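Engineer: Please see the structure below; I have some questions.
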Amino acid sequence: MKTALVRGVWSLVLALCCLTVWSLPARAQQVDPAELSNAVNEIEQIDRMRSGLASTIEDSPTEPTLQTMKEVCKPVGMRAKQLGEETGWQVKQIAKKYRNPAHAPDTETASEALDLFEKNLNLVGFWQEETIDGQAGTRYYRRINVESSCLACHGAKNERPKFVKEKYPQDLAYDFEVGDLRGMYSVFIPYLD
């Protein structure tokens, strides 16, 4: 069942990617369609990594620790950083209810993308023309949903692990329920000159 769901989501993402590429203004065609497809594929791999690592702490009898976070969350961020270094893309995670201030929406368009995901529960991802720091390009947004394993650290505010309360006093990433929008992945691909 889960495999069929993943295939269905992947098919939807690819269809949206292709549809969007064909409907973008001529200027956006400066991004190679193969690069757009590669961005979707890479983000899907990162999301599978996130889900797989998070599942290792589900139903654990012990409270998550800082070490747990280093083993579960940090590899996802490191892979996003590495992907950006390998490709020249800007790859990040963005959320309104963030734990790390670096994950706050960085543009008005990013805030609007989060709003769009909140209003459209079946929307998995989409492309948007955007200019970041004076550089025009195309940005891919892909939703991140809360899974049951996420609740170990992102559930009720008063049930967060001790290390979260101590290390992140300004934490906003709590009181989620399964299926909620946790945030989104963002991949900005600059236009070719």
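The values are calculated or read from the model by the stated rules, or taken from the named source; none is laboratory data. Keep in mind it's a predicted model, so treat the numbers as computed, not measured. Using ideal geometry, Cβ is built from the backbone for each residue, glycine included, and neighbour counts are taken over all protein chains shown.
Engineer: Can you work out which of the residues in the stretch 163-183 that are surrounded by 12 or more Cβ atoms within 10 Å (Cβ to Cβ) and among the charged types (D, E, K, R) is nearest to Leu121 (Cα to Cα)?
Structural biologist: The extreme case among them is Asp180.
Engineer: Go through the stretch 32-83 and give me each residue that's basic (Lys, Arg) and closer than 22 Å to Tyr168 by Cβ.
Structural biologist: The answer is Arg50, Lys70, Lys74, Arg79, Lys81.
Engineer: Let me ask something else about it. Which of the residues spanning the stretch 163-193 are among the small types (Gly, Ala, Ser) and in a strand (DSSP E or B)?
Structural biologist: The answer is Gly183, Ser186.
Engineer: Conditions first: (1) touching a Phe, Trp or Tyr at 6+ places or on another chain (Cβ under 7 Å); (2) in a strand (DSSP E or B). Ala113 passes all but one, so which condition is the exception?
Structural biologist: Evaluating Ala113 over (1) touching a Phe, Trp or Tyr at 6+ places or on another chain (Cβ under 7 Å); (2) in a strand (DSSP E or B) leaves (2) as the failure.
Engineer: Scan the stretch 125-162 for residues that are surrounded by fewer than 17 Cβ atoms within 10 Å (Cβ to Cβ), part of a strand (DSSP E or B), touching a residue at least 24 places away in the same chain (Cβ under 8 Å) and of a type in the set (S, T, N, Q) and report the count.
Structural biologist: Number satisfying all stated conditions: 1.
Engineer: Given (1) under 21 Å from Leu36 (Cα atoms); (2) out of contact with any Pro (no Cβ under 6 Å at 6 or more places or on another chain); (3) of a type outside the set (D, E, K, R), identify the lone condition not met by Ser60.
Structural biologist: That leaves (1) as the condition not met.
Engineer: When you check Lys167 against the structure, is it in contact (Cβ under 8 Å) with a residue 60 or more places away in the chain and not acidic (Asp, Glu), yes or no?
Structural biologist: Criteria met by Lys167.
Engineer: Looking for something part of a helix (DSSP H, G or I), among the acidic types (Asp, Glu) and either surrounded by fewer than 17 Cβ atoms within 10 Å (Cβ to Cβ) or in contact (Cβ under 8 Å) with a residue 24 or more places away in the chain (or both) - is there at least one such residue anywhere in the stretch 94-106?
Structural biologist: Within the stretch 94-106, not a single residue is part of a helix (DSSP H, G or I), among the acidic types (Asp, Glu) and either surrounded by fewer than 17 Cβ atoms within 10 Å (Cβ to Cβ) or in contact (Cβ under 8 Å) with a residue 24 or more places away in the chain (or both).
Engineer: For Asp175, only one of the following conditions fails: (1) in contact with a Lys or Arg (Cβ under 7 Å, 6 or more places away or on another chain); (2) more than 19 Å from Pro64 (Cβ to Cβ). What is its number?
Structural biologist: Asp175 satisfies every listed condition except (2).
Engineer: Restricted to the stretch 137-170, and to residues that are out of contact with any Gly (no Cβ under 7 Å at 6 or more places or on another chain) and of a type in the set (Lys, Arg), which residue is farthest from Ala34 (Cα to Cα)?
Structural biologist: That would be Lys162.
Engineer: Got a sec? Which of Gln93, Gln45 is at pLDDT 95 or above and under 27 Å from Lys165 (Cα atoms)?
Structural biologist: That would be Gln93, the only listed residue that is at pLDDT 95 or above and under 27 Å from Lys165 (Cα atoms).
Engineer: Among the residues of the stretch 132-147, which ones are modelled with pLDDT under 95 and either of a type in the set (Ser, Thr, Tyr) or under 19 Å from Asn100 (Cα atoms) (or both)?
Structural biologist: Result: no residue meets the conditions.
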